[in-house]
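Worksheet: the structure to be examined is printed underneath.
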Amino acid sequence: MDKFVVRGGNPLVGTVRISGAKNAALPAMAAALLTEEPVILENVPQVRDIETERKLLAAMGAEVELGYGRAQHRTTICCRNLENPVASYDLVKTMRASTLVLGPLLARMKHARVSLPGGCAIGARPIDLHLKGLERLGAHISQEHGYIEARTERLRGARVVFERITVTGTEDLMMAAALAEGESVLENCAREPEVADLAALLNKMGARIEGAGTHTIRVRGVDQLHGARHRIIPDRIEAGTFIVAGALTGGDLLVSGCDPHHLGALLQKLEECGVQVQTGPESVRIIGDGPLLAADVLTEEYPGFPTDMQAQFVALATQAEGTSVVTENIFENRFMHAQELVRMGANIKIEGTRAVVRGKTALSGAAVLASDLRASASLVLAALVADGETIIDRVYHIDRGYERIEEKLRGVGAQIRRIGELLPRRVATPLAAG
Ligand code: EPU
């Protein structure tokens, strides 16, 4: 297993380019299941979760072609010969987003067998809302041997009110409703840009979807969908992670190829922390030349402050003057990074759903353990300002969602390198958290 070795102290200076959004590419790849024709996706990030989804689709009989050379971020998926509508435990346990195939498989094949994801490093994360919604559209769902068996004669449009806001639940239902008979009205939907991006792709494929990006989405079902070409939106969480890295290290960093409109809550919070933020049409420049000030954060659904940026903000708060209270509202167990940051010298107390961070404390390099994707990112950020060397173990978590993060960081002045494990040893199976 790889590790990162980071030597802290260098401000990040220069330009870093952002990749396509993992959380938009994953549902877009699942959407290819809805048609016999090829779906061509551009700007797909080269991260581990995309490789997992490729394996998932290939096991069902899909032809998935990954581009190379200049086209290395293009993925072409053709689901002409789907023969095996099964998402196996082996893959689902490593990536929860695998459950995104449920809606499209039901709509196209009238049958899906998808493993229940099981435990997760950041919270219970049930998928009951996906299942209830699909039942409203006419699916018969049962559970046996750890798998969900879903069947239908034909999905029919219906009104579905989500009991709470769910991102992949909204995406799953939108894909199922696209091929259902009649109109569906989905209410209390997630408004994340990734949901709107999926709707844009589906509409290019011939779907009739209105309102994606708002709380109410109307889907008029069509008999069939066709192929399309689509460019995935930039990854707002990767962008946010680099933006916080620039601020934290007191650097001058241009984060290019991102969409500042998707970063509103984060950028506003950083300004409150005393960071200079300049936005361009597709870039954000961060100038961290003054002291960082403490600020409270509450994670919320989009357009609120994203839970996927909470861990990185906690790392920043350790270097801010004063006390920051960070409240996690979306997941119940998403403070695994706190204890590792404390081992580096941070003063963080967890009180239920709140992390109380008292700053500014000097951080010193230590051996730390990454527990999930965003927690790993926060450890990398802390290591960039720690005194001496930090060794971050289990970086496979970070490889799930960040493309070549160490190369991108090195390009703007960080001292970070990847080393392989010298001695093989037994490790627990990574829990799915994407
Ligand atoms: N929930 C339920 N029942 C459901 C679905 C969700 O109770 O059927 C609960 C969850 O347990 C959670 C809350 O609702 O407490 C919101 O979960 P949501 O369904 O919105 O999360 P998700 O769709 O599984 C996506 C992202 C996550 C991101 C969350 C929240 C993808 C592939 N994953 O997960 O991304 O944290 O939305 O914004 O889009 C990451 O990239 O690191 C990551 C974890």
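The values are calculated or read from the model by the stated rules, or taken from the named source; none is laboratory data. Since the model is a prediction, treat every value here as computed from it, not as a measurement. Quick reminder, even Gly has a Cβ in these numbers, built from the backbone with ideal geometry, and neighbours come from all protein chains shown. When the accessible area is computed, the model is the full protein with side chains, heavy atoms only, and any ligands, DNA or RNA have been set aside. Shrake-Rupley method; radii C 1.70, N 1.55, O 1.52, S 1.80 Å.
For this structure, a couple of remarks:
- Of all residues in segment 21-49, those satisfying the criterion of being away from the ligand (no atom under 11 Å from the Cβ) and open to solvent by 10 Å² or more (accessible area, probe 1.4 Å) are Glu36, Glu37, Pro38, Ile40, Glu42, Asn43, Gln46, Arg48.
- Residue check for Ile122: within 16 Å of the ligand (Cβ to nearest atom) and in contact (Cβ under 8 Å) with a residue 60 or more places away in the chain: yes
- Strands (runs of 3 or more DSSP E) wholly inside segment 118-234 containing at least 3 residues that are open to solvent by 40 Å² or more (accessible area, probe 1.4 Å): 140-144
Residue-by-condition table, conditions (1) at pLDDT below 95; (2) more than 16 Å from the ligand (Cβ to nearest atom); (3) buried (at least 17 other Cβ atoms within 10 Å of the Cβ):
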| residue | (1), (2), (3) |
| --- | --- |
| Tyr302 | no, no, yes |
| Ala317 | no, yes, yes |
| Ala320 | no, yes, yes |
| Arg334 | yes, no, yes |
| Gln339 | no, yes, no |
| Ala346 | no, yes, yes |
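- Taken together, the criteria place Val101 among residues that are within 16 Å of the ligand (Cβ to nearest atom) and farther than 20 Å from Leu373 by Cα.
- Only one entry of Ser115, Ser88 meets the criterion of being buried (at least 19 other Cβ atoms within 10 Å of the Cβ) and more than 10 Å from the ligand (Cβ to nearest atom), and that entry is Ser115.
- Residue within segment 70-79 that is in a helix (DSSP H, G or I), among the basic types (Lys, Arg), closer than 22 Å to Ala25 by Cβ and within 11 Å of the ligand (Cβ to nearest atom) present: no
- Residue tally, condition open to solvent by less than 40 Å² (accessible area, probe 1.4 Å), within 20 Å of Gly359 (Cα to Cα) and among the charged types (D, E, K, R), over segment 237-277: 1
- Checking the stated criteria, Gly288 turns out not to satisfy the condition of being touching a residue at least 12 places away in the same chain (Cβ under 8 Å), under 20 Å from Arg164 (Cβ atoms) and open to solvent by less than 20 Å² (accessible area, probe 1.4 Å).
- Checked across segment 211-233, the condition of being in contact (Cβ under 8 Å) with a residue 60 or more places away in the chain and within 16 Å of the ligand (Cβ to nearest atom) holds for at least one residue.
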